[in-house]
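In what follows, a single structure is set out as structure tokens and then discussed.
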Amino acid sequence: MKQNTIPKLSLGIFPTPIRRADNISRLLNTNVFIKRDDLTGLGLGGNKVRKLEYLLADAREKHAEVVFTTGGAQSNHAMLTAAAAGRLGMKPILILKKRGVTDRVGNQLLEHLMGTEVIFMDTDSYEDIYREMDRLGAELGVPYYKIPCGGSNALGTLGYVDCAAEIRDQGIHFDYIVCAEGSGGTLAGLALGAKLFLPGTKVCGMMVDTDPFDEITPRLMRESAALLGESLEISRRDFELRNLCGPGYAIPSEEGNRAISLLAAEEGIFLDPVYTGKAFAGLLQMAEEGAFRETDNVLFIHTGGAGGLFAIA
Ligand SMILES: *Cc1c(COP(=O)(O)O)cnc(C)c1O
């Protein structure tokens, strides 16, 4: 492992805690632990903070005055980008797809509180939105920086490579790590990080969207490995995937809602309907199918999403 010298800002509070979920462990007859990346210490917490520590360091190096990003109307990533950029003295502009709950609730309310400039575009194509960022950036005439949907490029993915090293340093060996997959950076970072730091740990992504994650994930892993100067053999076998999308991206599913209620009642921990509820439902399915032994340690990454809990359609 080479020394990672890629610039990174400190935006969150790390390491995030890992706790054994005793009641869930008893119910599933295995050892379930939860890593609290919902408590990353910026905004209402969530996984995007780790990615933004790299992405906004790059924006700063490039002297950006404006930071653009995108997502759905209730994007946690967009809200956290606005929070982080504002704190760093850069102006965030969010160009969001006019899809999902656009009312002033959930993340829209939080953006309103921060006074964030939000533009809705009636399109299904992120390419349209990236073009609009360039048009608007040129019009503003200041240096600007574009962060892709979910912060999932090679640089953002490094945040979750670091998370794998953090898990190693927390001293428990995990047989499985389970997380939601929405734009890919979290799973790709953990899968790459597991190859580097967590031998013997299987990484499972619970897909909450219908993109081709079997291709997206290894591509991001390869691009991030290249940034680190690591030459590793990366393949589809480096991670497992399971489809938990249900009725569609950002549309709550029955099994996801059951998982939210179960974890809330048993452990007093709140998941969200778009990502973590569906991902935890995937963990429950695996347990039901007998994937985990009694002695296994299973780590669920709680990637946040609190804003979305208050904006269910
Ligand atoms: C964005 C997000 C995810 C998915 O992470 P990706 O890196 O985009 O795959 C999971 N949970 C929450 C709460 C998110 O906001």
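The values are calculated or read from the model by the stated rules, or taken from the named source; none is laboratory data. This is a predicted model, so every value here is computed, not measured. In this analysis, Cβ positions are derived from the backbone assuming ideal geometry, glycine residues included, and neighbour counts consider all displayed protein chains. Side chains are part of the model used for accessible areas, which takes the heavy atoms of the whole protein and leaves out ligands, DNA and RNA. Shrake-Rupley method; radii C 1.70, N 1.55, O 1.52, S 1.80 Å.
In the chain, the longest principal axis of the Cα atoms and the axis of helix 126-140 are about 40 degrees apart.
Using 0.36 nm per residue and subtracting the Cα-Cα separation, the extra length available between residue 258 and residue 14 on full extension is 84.8 nm.
Between the listed residues 229, 204, 250, the Cα displaced farthest toward the positive end of the dipole of region 176-267, a dipole computed from Cβ unit charges relative to the Cα centre, is found at 229.
Within the chain, the longest run free of exposed loop sites, counting GluC sites (Glu not before Pro) that sit outside DSSP helix and strand states (H, G, I, E, B) and have at most 12 other Cβ atoms within 10 Å, spans 1-232. Measuring nothing but protein heavy atoms, the accessible surface of the chain at 1.4 Å probe radius is 50 percent carbon and sulfur.
Rolled with a 1.4 Å probe across the full set of protein chains, the surface gives residue 249 an accessible area near 90 Å². With a 1.4 Å probe rolled over the protein heavy atoms of all chains, the accessible area of 146, 35 falls in the order 146, 35, largest first. The DSSP beta bridges internal to the chain are antiparallel in roughly 10% of cases.
Amide H to amide H, with H built 1.01 Å from N, residue 31 comes under 5 Å of 296, 298, counting only residues 5 or more places away or on other chains.
Remark on residue 93: its backbone amide H falls under 5 Å from those of 67, 68, 69, a criterion applied only to residues 5 or more positions apart or on other chains, H modelled at 1.01 Å from N. Assuming charge only on the beta carbon of Lys and Arg (+1) and of Asp and Glu (-1), the dipole of region 48-151 about its Cα centre is about 320 debye to the nearest 20. Between the beta carbons of residue 289 and residue 222, assuming R0 = 22 Å, the FRET efficiency works out to 0.10 to the nearest 0.05.
Which part of region 269-313 falls in the paramagnetic zone of residue 210, meaning amide N under 19 Å from the point 7 Å along Cα-to-beta-carbon? Label zone hits: 274-275, 278-279. Projecting the Cα atoms of 151, 182, 114 onto the charge dipole of the chain (Cβ charges, centred on the Cα centre) puts 114 farthest toward the positive pole.
Modelled spin-label separation between residue 173 and residue 139, with each label point placed 7 Å from Cα along the Cα-to-Cβ direction: 5.8 nm. Our coupling estimate for region 264-275, obtained by passing each phi through the Karplus curve with A = 6.51, B = -1.76, C = 1.60 and θ = phi - 60°, is 5, 6, 7, 10, x, 10, 9, 9, 10, x, 8, 10 Hz, Gly and Pro reported as x.
Straight-line reach from residue 8: taking Cα to Cα under 21 Å and skipping same-chain neighbours fewer than 8 places apart, the lysines in range are 48, 51, 62, 91, 146.
Ordered by solvent-accessible area of protein heavy atoms (1.4 Å probe), largest first, the residues 77, 63, 112 come out as 63, 112, 77. Entry note, the chain: the mean residue ellipticity at 222 nm calculated from DSSP H runs of n ≥ 4, each adding -39500 (n - 2.57), is -13000 deg cm²/dmol after division by the residues and rounding to the nearest 500. In sequence order, region 289-303 has phi-based couplings of 7, x, 5, 9, 7, 4, 8, 5, 9, 10, 10, 9, 8, 7, 8 Hz under the Karplus curve 6.51 cos²θ - 1.76 cosθ + 1.60, θ = phi - 60°, and Gly or Pro positions carry x. Helix 213-227 and the long axis of the chain differ in direction by around 70°, with both axes built from C-alpha atoms. Residue 52 exposes around 0 Å² of accessible area when a 1.4 Å probe is run over every protein chain in place. Computed over the chain, relative contact order equals 23 percent, with contacts defined as Cα pairs under 8 Å that lie 6+ residues apart.
Assign one of three labels to region 114-270, namely rounded, prolate or oblate, based on the Cα gyration tensor with a ≥ b ≥ c the square roots of its eigenvalues; rounded applies when a/c is under 1.5, prolate when it is not and a/b is larger than b/c, and oblate otherwise. Oblate, because a/c is 1.5 or more while a/b does not exceed b/c.
Ligands, DNA and RNA aside, residue 231 has an accessible area near 110 Å² when probed at 1.4 Å. An oblate overall shape is assigned to region 48-151, the ratio a/c of its alpha-carbon gyration tensor axes (a ≥ b ≥ c) being 1.5 or greater and a/b not exceeding b/c.
Residue order by solvent-accessible surface for 26, 87 is 26, 87, largest first, with ligands and nucleic acids left out and a 1.4 Å probe.
Show me, for region 100-106, the HN-Hα J-couplings you get by feeding each phi into the Karplus relation (A = 6.51, B = -1.76, C = 1.60, θ = phi - 60°), rounded to Hz, glycine and proline as x. Values, residue by residue: x, 7, 8, 4, 7, 9, x Hz.
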